[in-house]
Amino acid sequence: MLRIREATQEDDQALLALESVSPQGDTTRILLERATYFYRQSLFERGKVMVAEEDDQLVGIMAYAIKDVWLAGEIRPVAYVYDLRGAPDYRRSMKRGLFRLWKTLEAEIVQHGATLIYGHIKEDNHASMRVLLKGGLQELAPFAVCMLPALPAQGPVPEADRDPLEGASRVEELLGQRDLRPHSLVDCYQRGQQLGYLQGVYRLERGRSFAQASIWDLSSLYRGRVLRLPLYLRLLGATSDPLTKVLPLPRIPRLGEAVNYWHCFDAYCQGRSGKSLMRELLQSLRRMAARAGIDILSLFYYVDEPLLDPPRFLVQKTMRYQTLGRLSEQLIPRPPLHLDVRDL
């Protein structure tokens, strides 16, 4: 018999076990290994992790969070749906269980008065994409995650802002009432600071130009394990990795290796020198990551972001995701959207 219920801390090991057989993506496949399944829930005040059980065994997971964001010029409650997982050895039950799980979440979300339900899915994660599209969501905007290997090279590293909340305030002022921007970015950064996730906010200025980004360090909570890479990256890694012992070259993880990440969010630049300052900032952050024992700097951004023309580097891997959404009112989020660090 299929049963839908809220997950508790007693389910943590079972949730982590299901995560271990649910790698993300096809062409580039990464398995997340978490210390606890509930770390993301700690960033939100309202929400739940829900599970589907059949014969006392977990066959599906889905979580949601209610948060207040800017939408069509007003602060409105929206629902973010995340961590969609299904047991691969329960194919029939997974489809039935995940759809019932979705309908249960949907009924709760309606009670919160959410004007938008949305989530993020890796573009080649076809199974999860089908579940959400069948649930009535539609594609809103694509975003990218650019994976930059840490750079074990000599050179300066940036100093963080003394007050990262001031950096968050600058982003609020820069973005204004952009759709999906949290009501208070300062509160989000303050919560990340309290939990120890916010590593710092970094900024370079030259004349009237600037580049700024925030770094979030969750390496104590989870790491990735590479299960599949494109052939060109495997060949490049086999060629360059032996040279990293004598040359300051980025190391490309091999299949099966665990990797630690820093996440780079709210990366924006402006002015004539903005793009060159962003390249300089990212390079210095990569050097800082290498010295901290981090393998990958992950840069998150919407592909139509007008405040970021991301520089290209010799070694990088860009993965594409899609933001899906469904409206309960006739309020269509207008791009460019804001990518909330709490979502990822």
- Message: Yes or no: segment 61-69 includes at least one residue that is among the β-branched types (Val, Ile, Thr), buried (at least 17 other Cβ atoms within 10 Å of the Cβ) and in contact with a His (Cβ under 6 Å, 6 or more places away or on another chain).
- Response: yes
- Message: Could you list, ordered by first residue, the pairs with Cβ atoms under 6 Å in which the first is in segment 1-22 and surrounded by 12 or more Cβ atoms within 10 Å (Cβ to Cβ) and the second is among the hydroxyl-bearing types (Ser, Thr, Tyr) and assigned to a helix (DSSP H, G or I), at least 6 apart or interchain?
- Response: 4/104
- Any idea how many residues of segment 73-88 are out of contact with any Ser or Thr (no Cβ under 9 Å at 6 or more places or on another chain) and farther than 21 Å from residue 115 by Cβ? 1
- With segment 117-230 as the region, which helices (runs of 4 or more DSSP H) entirely inside it contain at least 1 residues that are touching a helix residue (DSSP H, G or I) at 6+ places or on another chain (Cβ under 8 Å), among the polar types (S, T, N, Q) and in contact (Cβ under 8 Å) with a residue 12 or more places away in the chain? 164-175, 185-195
- Task: May I ask you to list the residues in segment 33-73 that are among the small types (Gly, Ala, Ser) and more than 22 Å from residue 103 (Cα to Cα)?
- Result: 35, 42, 72, 73
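Can you go through 226, 171, 201 and tell me which one is at pLDDT below 85 and among the β-branched types (Val, Ile, Thr)?
Checking each option against the conditions leaves just 226.
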- Message: So residue 319 ticks every box in (1) modelled with pLDDT under 90; (2) more than 14 Å from the chain's Cα centre (by Cα); (3) not hydroxyl-bearing (Ser, Thr, Tyr) but one. Which box is left unticked?
- Response: (2)
- Query: If you go through segment 56-83 one residue at a time, how many are basic (Lys, Arg), closer than 24 Å to residue 125 by Cβ and out of contact with any helix residue (DSSP H, G or I) (no Cβ under 8 Å at 6 or more places or on another chain)?
  - Reply: 0
- Yes/no for residue 307 being modelled with pLDDT of 90 or more, crowded, with 21+ Cβ neighbours inside 10 Å and within 24 Å of residue 212 (Cβ to Cβ): no
- Query: So which residues in segment 326-339 are surrounded by 21 or more Cβ atoms within 10 Å (Cβ to Cβ) and either assigned by TED's automatic domain parsing to the domain that holds residue 300 or farther than 26 Å from residue 191 by Cβ (or both)?
  - Reply: none
- Item | Filter result (in contact with an Asp or Glu (Cβ under 9 Å, 6 or more places away or on another chain) and surrounded by 15 or more Cβ atoms within 10 Å (Cβ to Cβ)) within segment 312-325 | 319, 321, 322, 323, 324, 325
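The values are calculated or read from the model by the stated rules, or taken from the named source; none is laboratory data. Just so it is clear, the model here is predicted, and its values are computed rather than measured. Methodologically, a virtual Cβ is constructed for each residue, glycine included, from the backbone with ideal geometry; neighbour enumeration extends over all protein chains shown.
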